[in-house]
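FYI, it's all coordinate maths here, none of it is from the lab. Just so it is clear, the structure is predicted and the values come from calculations on it, not from any experiment. Cβ: placed from backbone, ideal geometry, glycine included. Neighbour counts: every protein chain shown.
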Amino acid sequence: MSKEKPRILLVEDNLLVSTALQDILGEEGFDIQCAGTGKEAEAMIKDASFNLVLLDLMLPDTNGKTLLSKWKSEFPELPVVLMTAHGDIPTAVECLRLGAYDFLTKPVEKPLLLKTINNALNHSAITKKVTVLQELTKREVNYEQLGDVIAVSAAMTKTFEILKLVAQSDYSCLLVKGESGTGKGLLARTIHKMGGRADKPFVEVNCSALPPNLIESELFGHMKGAFTDAKENKIGLFEMADGGTLFLDEIGDMDYNLQAKLLKVMEEQKFRRISGTKDISVDVTIIAATNQNIEKLVSDNKFRLDLYYRLNVIPVEIPALRERKEDIAALASHFIKFFSRKFGKKISGFSQEALDALMVYPWPGNVRELRNTVERACILTRGEEINDLEILFPAAALRQPESLVSSPSPSPAPAASPAVVESPAEGPATGFTMPPMPLADAEKLVIKSAMSEAQGNKNKAAAILGLHRTTLYKKLEEYGMS
Ligand SMILES: Nc1ncnc2c1ncn2[C@@H]1O[C@H](COP(=O)(O)OP(=O)(O)OP(=O)(O)O)[C@@H](O)[C@H]1O
Ligand SMILES: [Mg+2]
């Protein structure tokens, strides 16, 4: 929030009164500006960002009540304190109904004046906090907390060490790169929690989820009437994240023009709501994430170089799961604990065979896919150990070597000649398709699955695979599975 002096607009036509008030309030450290007429006040309130208005009821060109009701709809968050010369209680009460914060009778006494002003300023700060909290609560509901970040591999433990150091400094921004499902979102939340802003808001927004103009109004907020649907003033995510962290997910998809606005806010730490006239100062740390090759986006002129430089001061790269296989077992058992508790089961772990299968699979969907796979296995498994490979990797895919090696590109549209449907190499009926992987790995998986189905009987397994017995024996030997 702004650490500047609170700015007060005094609307008062009596020069003696306004000079006196200006002296008192100036001495007390307020930044005070005066308007002698309604017209002047109207012009000033549009251009400057006031924290409070002191408004006289009787003005030469209009009255305070009219101004008050107008301003309450234009600037509903701005506290207005009325001053009345006559102790005109009925009018004052009416004004309170219209939304005035309080009223003072003239001559105004200094202690009461200061007390009222400070109350009004505190009240408006609290009101804003409440709005922010309400908005934050609305946004929290979808977030499922899975607890700790698992890091066993050298690559991840090193990344984590770096993040711990970063979190202890008051970093201004951070760029997290990694394929989809590698844990960028989780790391962003974790680093926020490890740092000095842990008790302040963590606000996230997915830059590819909404069209650019909506993202802009999400980020910066807007004033009533800024566009057709702007029925109310709306607080933006930057304001909500004040003091805390704003997580910009899928930053690579952010609109090019909006990128420039973002950079400006990051540099100045202030901005305006859409069609707002008031600068809003914020203190926000940015964590951005992308699963795209952002350097390529820069060279294709889709991502601004200046913003890239600014964000990339501390780059954090999370490797794909297949490049840190040491994490697989630990993650899998972490997820087993989580889901067996969630489903009220007593699942202790995986069979060696199942673990082997988890290790050879290339996990194109990274940790998210592993988590989903373990969740499915926990739902379907009856025993205490997950040993059924068909549960981990649905069987149909494993038994069809064709589908394992077929290219990942979409199968040709059948629409042209629906009469000739010949290809059994499409996916299995379950809709499960195997991602591309080295042929040898796929073969190992298929053989494991057949051996498990045949309960270790090699002759039976050979029959399932359509192989000669000796061919299977050779392969088992070759893969060290015999
Ligand atoms: N190291 C980890 N330890 C524990 N859980 C993890 C880890 N990495 C990822 N996860 C879990 O895997 C899932 C996917 O992670 P997350 O949503 O953070 O990925 P992401 O990189 O943000 O993906 P996307 O690019 O698709 O948004 C989440 O449920 C997360 O809790
Ligand atoms: Mg994510």
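Some points to look at:
- Ordering of 329-339, 67-77, 464-474 by packing [mean C-beta count within 10 Å, highest first]: 329-339, 67-77, 464-474
- Sequence-distant residues sharing a close amide H with ALA230 (under 5 Å, placed H): GLY225
- Ratio of Rg to Rh over region 24-138 (Cα coordinates, Kirkwood Rh, two decimals): 0.97
- J(HN,Hα) series, region 276-291, from Karplus relation 6.51 cos²θ - 1.76 cosθ + 1.60, nearest Hz, glycine and proline x: x, 10, 10, 6, 10, 8, 9, 10, 10, 8, 9, 10, 10, 9, 8, 9
- Amide H contacts under 5 Å for PHE103, placed H, 5+ residues apart: LEU82
- Charged side chains reduced to their Cβ positions (Lys and Arg at +1, Asp and Glu at -1) give region 7-136 a dipole of some 380 debye around its Cα centre.
- Region 466-482 versus region 267-294: alpha-carbon centroid distance in Å: 60
- Relative contact order (%) - the chain, alpha-carbon pairs under 8 angstrom, separation at least six: 11
- Between ASN14 and ASN372, the simple spin-label model (points 7 angstrom out along Cα→Cβ) gives 7.3 nm.
- Greater than 30 Å apart at Cα, pairs in LYS193/LYS337; LYS70/LYS264; LYS231/LYS264; LYS110/LYS270; LYS5/LYS200: LYS70/LYS264; LYS110/LYS270
- The order of SER299, SER452, going from fewest to most other C-beta atoms within 10 Å of their C-beta, is SER299, SER452.
- Cβ-Cβ FRET estimate between ILE379 and THR131, R0 fixed at 30 Å, reported to 0.05: 0.15
- Between PRO315, VAL176, THR245, the Cα set farthest toward the positive side of the dipole of region 154-319 (charges on each charged residue's Cβ, about the Cα centre) is that of THR245.
- Computed magnitude of the charge dipole of region 203-288 (debye, nearest 20; Cβ of K, R +1, Cβ of D, E -1): 440
- If you wrap the tightest convex hull around every Cα atom of the chain and split its volume per residue, you get 208 Å³.
- Loop-located GluC sites (Glu not before Pro) in region 295-400, at most 16 other Cβ atoms within 10 Å (DSSP): GLU384
- Simple Cβ-charge dipole of region 154-319, Lys/Arg +1 and Asp/Glu -1, about Cα centre, in debye nearest 20: 200
- Region 195-301: chymotrypsin sites (Phe, Trp or Tyr not before Pro) falling in loop per DSSP and having at most 16 other Cβ within 10 Å: PHE227
- Phi-derived couplings, Karplus 6.51 cos²θ - 1.76 cosθ + 1.60 at θ = phi - 60°, listed residue by residue for region 17-27: 4, 5, 5, 4, 5, 4, 4, 4, 6, x, 4 Hz, with x used for Gly and Pro.
- For region 341-367 versus region 43-78, the gap between their alpha-carbon centres in whole angstrom: 65
- Degrees, to the nearest 10: 366-380 long Cα axis against longest axis of the chain: 70
- Each of ILE280, ILE318, ILE391, ILE89 has some number of other Cβ atoms within 10 Å of its Cβ, and from fewest to most they run ILE89, ILE391, ILE280, ILE318.
- Lysines with Cα under 25 Å of LYS460, excluding same-chain neighbours fewer than 8 positions away: LYS444, LYS448, LYS474, LYS475
- Amide N proximity, region 376-395 versus ASP441 label position 7 Å along Cα-to-Cβ, cut-off under 20 Å: 389-395
- Since only ALA462, PHE75, ALA440 are under comparison, the one whose Cα sits farthest along the positive direction of the charge dipole of the chain, derived from C-beta charges on Lys, Arg, Asp and Glu, is ALA462.
- Estimated distance in nm for a label pair at ARG341 and LEU165, the labels positioned 7 Å out from Cα along Cα-to-Cβ: 3.3
- Taking the convex hull of Cα positions in region 154-319, its mean projected area over all directions (nm²): 9.5
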